[in-house]
Amino acid sequence: MKISDIKIKSFLTHADRWNIGNALPKPDTELLQTVLTIETDEGVSGHFIGGGTHGDQEGLNIVDQNLIRGRIRNMLIGQNPFDREMFWQWLLVAWFPENVASVIDNALWDLAGRMTNLPVYKLMGGARDKVKAYASTYPNIGKPKVYAEHALTCKKEGYIAYKIHPHYFWNPETGKPTPGRPSNIKADIETIHLVREAVGPDYVLMYDPWGTYMSIEEAIKVGRELEKLNYYWYEHPMPEYRVESYVRLCRELTIPILSPEIIAGGVFSRADWMLRGASDMTRIDVVRGGITGARKTAVVAEAYGIRCELHMAGWGNLQVMGATTEDTSEYYEKGLLAPGVDYDKPHPYLTNICDKIDAEGYVHLPQKPGMGYEIEWDYINDNLIDPATFVRKSI
């Protein structure tokens, strides 16, 4: 079997989103989505949907697409699609953007699953068929009391944990953006207290200010409050280029520090942070090294006895979790969520969604071959667009 072509279809779709600058829902927001297809000379193809700004929820931009249609396509045509590790190394040393290399890797895994009629996680070696889900908020969903109300709603809906993305680049008192001041410590501390009061002492809570605490003093101050309230983890509190500050933070606090989240380098940067004592838990997803890289990261974390929590929702992340035990990767991040945002609304380009929670708060692994996609090709073909003409709306 040989790779015969790599194609990308760009199309318009829509989904509920959140206006983080004004704390308002954006129903049926128009989005650019992409599906990348790797074809073979034996008629079997693999696909990956997305690869843009938030995993598989938005598509590749025109610059990324041109990299794939040009040099990457020329590298892979005529090669055996099962040589995923070789391609992973090729794209790594060639310094392609992580998300671009990841889309190729993910599509190759989908192809292998379709060829063998198995879900990807079973190809890697299945560890479980369902995973615990937590509700993960958008930032700036409202004043502190809004978070408390939303957390209680999510608990009643069956989520077994809740993660706060608090107020950043936005002032909850005025309701206006604050581009020069990323964090709002006073409101954040009020929020974590009100949420704990709302859901009770035993409910699992997580906290992620997305690197917006610009001093270690701020990070420690909030961390102390999280410790008092028994939060489960403290994610990405400071900019991730300040590695030594993270080393100190891990020494100062007892709450586990979960990082790095978005820093480049995939498994290699995560391994370095583990060795330096800059994080107590690590973080990865399948657009930062593909399924191959995410699985490598989980294995390294397992070797050191620390958790590797998957970042973001999505089909590929679920597959990695299904091949990893709960001792290493415990919770699936479902979202982003906010009042008035219907996350579970089916995508018109798929007949199924990957992460509906059951009555016990679990998401079940897709059982269809590969990623588990059931693609609505008629919808995609009816909504094709030139990606160079798409202008992403402000959030």
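The values are calculated or read from the model by the stated rules, or taken from the named source; none is laboratory data. As the structure is a computational prediction, the values presented were derived from the model and not from experiment. With ideal geometry, Cβ positions are generated from the backbone for all residues, glycine too; neighbour counts draw on all protein chains shown. For accessibility, only protein heavy atoms count, side chains too; no ligands or nucleic acids. Shrake-Rupley method; radii C 1.70, N 1.55, O 1.52, S 1.80 Å.
If you stretched the chain out fully between residue 389 and residue 303, how much longer would it get, using 0.36 nm times the residue separation minus the C-alpha to C-alpha distance? Mind showing how you got there, number by number?
Values: separation 86, 0.36 × 86 = 30.96 nm, distance 4.68 nm.
Fully extending the segment from residue 389 to residue 303 adds 26.3 nm.
List the relative contact order of the chain as a percent without decimals, with contacts defined as Cα pairs under 8 Å and 6+ residues apart.
On the way: 862 pairs, mean separation 83.3, N = 395.
With pairs under 8 Å counted, the relative contact order is 21 percent.
Calculate the spin-label point distance for residue 178 paired with residue 241, positioning each point 7 Å from the Cα along the beta-carbon direction, and give it in nanometres.
A separation of 2.3 nm, rounded to one decimal place.
Please state the relative contact order of region 331-395 as a whole percent: Cα pairs under 8 Å, 6+ residues apart? Show your work: numbers first, answer last.
On the way: 37 pairs, mean separation 17.0, N = 65.
Answer for region 331-395 is 26 percent.
Compute the helix-to-body angle for 266-276: its Cα long axis versus the longest principal axis of the chain, expressed 0 to 90° and rounded to tens.
Between helix and principal axis, roughly 40 degrees.
Which far-off residues, 5 or more places away or on another chain, put their amide H under 5 Å from the one on residue 24, with H placed in the peptide plane?
19
How compact and how long is region 112-236, expressed as Rg and Dmax of its alpha-carbon atoms in Å?
Using the Cα atoms of region 112-236, the pair Rg, Dmax is 17.7, 56 Å.
Ignoring ligands and nucleic acids, what accessible area does residue 93 show with a 1.4 Å probe (Å², nearest 10)?
100
Reachable lysines from residue 122, Cα under 24 Å, same-chain residues fewer than 8 places away excluded?
By straight Cα distance, residue 122 reaches 2, 130, 132, 296, 334, 356, 368.
If each residue of separation counts as 0.36 nm, what is the full-extension length gain between residue 202 and residue 67 once their alpha-carbon separation is subtracted? Don't jump to the answer; show the numbers that get you there.
Values: separation 135, 0.36 × 135 = 48.60 nm, distance 4.86 nm.
Taking residue 202 through residue 67 to full extension adds about 43.7 nm, to one decimal.
Could you work out how far apart the two model spin labels at residue 12 and residue 376 are, taking each label as a point 7 Å from the Cα in the direction of the beta carbon, and quote it in nm?
With each label point 7 Å from Cα toward Cβ, the separation is 1.6 nm.
Heavy atoms only, probe 1.4 angstrom, no DNA, RNA or ligands counted: give me 62, 255 ranked by accessible area, highest first. Can you show the working numbers first?
Values: 62 55, 255 5 Å².
Descending accessible area places them as 62, 255.
Given a 1.4 Å probe and every protein chain left where it sits, what share in percent of the accessible area of region 236-386 is carbon and sulfur? It would help to have the intermediate numbers written out before the result.
Details: 2810 of 5580 Å².
Accessible surface attributable to carbon and sulfur in region 236-386 totals 50 percent.
Before I look further, what does the chain give for accessible area per residue, probe 1.4 Å, in whole square angstrom?
For the chain, the solvent-accessible area averages 40 Å² per residue.
Can you tally the net charge around residue 48? Count Lys and Arg as +1, Asp and Glu as -1, for every other residue whose Cβ sits under 11 Å from the Cβ of residue 48.
Numbers: positive: none; negative: 56, 105, 110.
Result for the neighbourhood of residue 48: -3.
If I model a spin label at residue 116 and residue 129 as a point 7 Å from the Cα along the Cα→Cβ vector, what separation in nanometres do I get?
1.8
Nearest 0.05, what FRET efficiency do residue 325 and residue 227 give at R0 = 25 Å with Cβ-Cβ as r?
0.40
Taking the alpha carbon gyration tensor of region 249-395, what are the square roots of 5 times its eigenvalues, largest first, to the nearest whole Å?
The three semi-axes for region 249-395 are 31, 18, 16 Å.
So what's the chain giving for Rg/Rh, alpha carbon basis, Kirkwood Rh from the mean inverse pair distance? Don't skip to the answer; put the middle values down first.
Numbers: Rg = 20.5 Å, Rh = 21.5 Å.
Across the chain, the Cα-based Rg/Rh ratio is 0.96.
For the chain, modelled as a GNM with alpha-carbon contacts under 10 angstrom, which of 382, 64, 280 fluctuates the most?
Highest fluctuation among the options: 382.
Compute the semi-axes of the equivalent ellipsoid of region 1-146, taking the square root of 5 times each eigenvalue of the Cα gyration tensor, and list them largest first in whole Å. Intermediate values should be presented prior to the final figure.
Working: eigenvalues 208, 77, 39 Å².
After scaling each eigenvalue by five and taking roots: 32, 20, 14 Å.
Would you report the distance distribution of C-alpha pairs in region 184-311 as whole percents per 10 angstrom bin, up to the bin with the largest distance?
Per 10 Å bin, starting at zero, the Cα-Cα P(r) for region 184-311 comes out as 13, 44, 31, 11, 0 percent.
Which residues does a label at residue 352 reach in region 288-315, if reach means a backbone N under 13 Å from a point 7 Å past the Cα toward the Cβ?
Only 315 pass the distance filter.
Pick out, from 162, 131, 111, the residue whose Cα sits farthest towards the positive end of the charge dipole of region 105-162, with +1 on the Cβ of Lys and Arg and -1 on the Cβ of Asp and Glu.
162
How do 307, 224 stack up against each other in accessible area, from largest to smallest, with a 1.4 angstrom probe? Spell out each step's value before the answer.
Working: 307 60, 224 90 Å².
The residues order as 224, 307, largest area first.
Out of all DSSP beta bridges with both ends in the chain, state the antiparallel percent to the nearest 5. Could you put the intermediate results ahead of the total?
Working: 30 of 50 bridges.
Among the beta bridges of the chain, antiparallel pairing accounts for roughly 60 percent.
Based on the Cβ-Cβ distance from residue 268 to residue 171, what FRET efficiency comes out when R0 is 22 Å, to the nearest 0.05?
Working: r = 38 Å, r/R0 = 1.72.
It comes out at approximately 0.05.
Any idea of residue 245's accessible area? Nearest 10 Å², probe 1.4 Å.
Probe radius 1.4 Å; accessible area of residue 245 about 40 Å².
Mind listing the long-range amide H neighbours of residue 323? Cut-off is under 5 Å, sequence gap 5 or more, other chains count too, H placed in the peptide plane at 1.01 Å from N.
Close amide H contacts, sequence-distant or interchain: 127.
Out of residues 5 or more away from residue 14 or on other chains, whose amide H comes under 5 Å of its own, with H placed 1.01 Å from N in the peptide plane?
Those qualifying (amide H under 5 Å, at least 5 residues apart or on another chain) are 31.
Using a Gaussian network for the chain with springs between C-alpha atoms less than 10 Å apart, which of these wobbles most: 304, 168, 234?
Looking only at 304, 168, 234, the biggest GNM fluctuation is shown by 304.
Roughly how much of residue 351 is accessible, in Å² to the nearest 10, using a 1.4 Å probe?
Number for this one is 80 Å².
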